[in-house]
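J.: Below is a structure I'd like to ask you about.
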Amino acid sequence: MLSLLEPGMLVRHPTQPDWGLGQVQSVIGARVTVNFEHQGKTTINSQEVQLEPVYDAG
């Protein structure tokens, strides 16, 4: 999954749906920084959490 994530992608956190839609800001190793609508900027360990890509946010 890590290789699929890149800056600019839209994602959702699988166990925190209330955080809303997030945009990947950076990917450094297993650390993915995401700016979520209702949570703000958060760093996620992609080895522990599999972020879900959103291909149609409409």
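J.: For residue 27, indicate whether it is part of a strand (DSSP E or B) and either touching a Leu at 6+ places or on another chain (Cβ under 6 Å) or open to solvent by less than 70 Å² (accessible area, probe 1.4 Å) (or both).
T.: Yes.
J.: I would also like to ask the following. Among all residue pairs at least 6 apart or on different chains, which show Cβ distances below 8 Å where the first residue, located in segment 3-17, is more than 18 Å from residue 28 (Cβ to Cβ) and the second is of a type in the set (Asp, Glu)?
T.: Pairs found: 12/52; 13/52; 14/52.
J.: For segment 30-58, what are the residues that are open to solvent by 30 Å² or more (accessible area, probe 1.4 Å), in a strand (DSSP E or B) and over 9 Å from residue 10 (Cα atoms)?
T.: Correct list: 31, 35, 41, 43, 45.
J.: When both residues are 6+ apart or on different chains and their Cβ atoms are under 9 Å apart, which pairs have a first residue that lies in segment 27-56 and is free of Cβ contacts under 8 Å to residues at least 12 places away in the same chain, and a second that is part of a strand (DSSP E or B) and among the charged types (D, E, K, R)?
T.: Final answer for the pair search is 33/41.
J.: Just wondering, is there one or more residues in segment 5-24 that are loosely packed, with under 14 Cβ neighbours inside 10 Å and in contact with a helix residue (DSSP H, G or I) (Cβ under 9 Å, 6 or more places away or on another chain)?
T.: No, the conditions are met nowhere in segment 5-24.
The values are calculated or read from the model by the stated rules, or taken from the named source; none is laboratory data. Only a predicted model underlies this, so the values are computations on that prediction, with no experimental measurement involved. All Cβ positions, even for glycine, are placed from backbone atoms using ideal geometry, and neighbour counts span all protein chains on display. These accessible areas exclude ligands, DNA and RNA; they are computed on the full protein's heavy atoms, side chains included. Shrake-Rupley method; radii C 1.70, N 1.55, O 1.52, S 1.80 Å.
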